[in-house]
1. Please give the Cα centre distance for segment 313-341 versus segment 414-484, rounded to the nearest Å.
2. Among F115, I302, F264, which residue has its Cα positioned farthest towards the positive end of the charge dipole of the chain, with +1 placed on the Cβ of Lys and Arg, -1 on the Cβ of Asp and Glu, and the dipole taken about the Cα centre?
3. Cross-link candidates for K3: which lysines have Cα within less than 28 Å, leaving aside residues fewer than 8 places away along the same chain?
4. Using all Cα-Cα distances in the chain, what percent lands in each 20 angstrom bin from 0 up to the longest?
5. Could you state the angle between the C-alpha long axis of helix 311-321 and the longest principal axis of the C-alpha atoms of the chain, as a value from 0 to 90 degrees rounded to the nearest 10?
6. Distance between Cα centroids, segment 14-50 to segment 160-217: provide it in whole Å.
7. Share of the chain's accessible area from carbon and sulfur, percent, 1.4 Å?
8. Quick check: net charge around L305, other residues with Cβ under 12 Å of its Cβ, Lys/Arg +1 and Asp/Glu -1?
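The values are calculated or read from the model by the stated rules, or taken from the named source; none is laboratory data. Computed from a predicted model, the values in this text were never measured in an experiment. Backbone-built Cβ (ideal geometry, glycine too); neighbour counts: all protein chains shown. Side chains are part of the model used for accessible areas, which takes the heavy atoms of the whole protein and leaves out ligands, DNA and RNA. Shrake-Rupley method; radii C 1.70, N 1.55, O 1.52, S 1.80 Å.
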Amino acid sequence: MAKILFVSSEVHPLSKTGGLADVSASLPQALAELGHEVRILTPAYGDTLERLGAVPERSDWRDPVAGTTTRLRETALPDIEVPVWLLDAPGFSDRSGNPYLDAQGRPHPDNAERFDLLARTATAIAGGLGGLGWQPELIHCNDWQTGLVPVRMLQHRIPGATVFTIHNLAYQGLFPASAFGSLDLPQWLWTMDGLEFHGQLSFMKGGVGFADRLTTVSPTYAQEIRTPAHGWGLEGLLNRRAAELTGILNGIDHRFWDPSSDAFLPAHYDVRDLRGKAANKRRLQAELGLSQDPKAPLLGFISRLADQKGVDLLLEAIGDLLEQDLQIAVLGRGEAAYERALQRLASNHPDRIAVRIGFDEGLAHRVEAGADMLLMPSRFEPCGLNQLYSLRYGTVPVVRAVGGLADSVVDATPAHLESGRATGVTFQDATGSALLEAVQRALALYTQPELWRRLQRNGMRQDFTWQRSAARYGEVYEEALAERRRI
Ligand code: ADP
Ligand code: GLC
């Protein structure tokens, strides 16, 4: 069992833009339950601090590069035993809202400095920061925001292993070359084998190139990112490190996502008794102003409105979809053009399409519970959590067979229905017509209540809890620690 510092830029419920936040709360807890000693390090954003009120200070230090004093505060998460250390420093604590973007949706101009400070703080903790009385043997880094952790560890010769998890290779943390100079990084890193990426500074390359072990969040995505189609230019490096790269599917946390106890739901249900699901549908239709028709299939879509999520495929298919007797509930925020197009559709069909633009945790749970199907036509999807939630909630996922979606949803082919393995409907092509066809297949199953129930129950019985995945991370930690001992 190891002492692990888990570093992430988002931790639910302190801050969240997507699935990284869910993983960063649940995985450390699952690791602690396996016997690892875990601490979480995350920035203290302004709104996080405001919500928490007074948070005790554990340590402070003067960062030599930024020339500012930073503080580490300690807090706890609801129902989670792992302590959380909040990095309270200018650049984080004086800003609220999206952790990476300003109010106009532009990246903060000092993101390189901000997230390098996170890396340097993690490194300082590994080096034995005063006041904490605790040093990790291994740092588990997540996504580009922590990409400089392995680099700083090597630069300052801090003993300790590093594991870097890629949650999404599409966001690489790229900065102009001038940022490299301002971060006081050793010059030898300004090469193709270092942090330079086509003339820019890449934080992602820090993680991918220098961590002892790499993981990503599903076995299929681990293969996909080694190809030009999904590698975003890093496929060569990832192929070189293929022996050190493992795909581990994310899990879900039943303390927050379980229809038998979910605090956001008006009615509860489970695999034995699904009656409460109909009550959730009724209430959701009322909440969203959709017509109160228990028979009309209700399709949910909960998502960041980004190209990744195939919003354009949905928009392309929606005209034809509306020729069927169905309703659509969308919850999301993101690119303005997508927001506008979806809102326009809703205002043209208010009793059949409901669109809520924004981030609404409770509504996300209620859509998962109240919808009959959940659409995820993603162009790529490293893992995806919503399809795992929807399986648990008896909401049949209709997904494009990529990344973690391919690893978690079994298509309702006649053979899979016969053998009892089917849990959803999958499609291959990234086109509106392929999505439409998949929905039509799902609708045909929906009209056969017995078959539909079986599909729902198959999904609800799947075990996507964290225990198994956390154990796999434990094995990767062992490899990383063994490698460090060898060096
Ligand atoms: P990603 O991390 O790529 O956005 P995931 O499926 O892994 O995709 O995780 C998305 C998480 O964010 C889920 O917990 C989902 O419920 C939540 N989510 C996404 N959009 C919204 C929204 N508009 N309001 C509330 N929760 C949302
Ligand atoms: C990323 C991916 C998503 C994954 C999440 C958590 O945001 O887009 O597929 O589930 O990280 O790992």
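1. 23
2. Comparing the listed Cα positions along the dipole, F264 ranks first.
3. By straight Cα distance, K3 reaches K16, K205.
4. 24, 55, 21, 1
5. Relative to the chain, helix 311-321 is tipped by roughly 0 degrees.
6. Measuring centre to centre over Cα atoms gives 22 Å.
7. Working: 9580 of 18940 Å².
Carbon with sulfur: 51 percent of the solvent-accessible area.
8. Details: positive: R304, K309, R333, R340, R356; negative: D307, D312, E335, E339.
Local charge sum for L305: +1.
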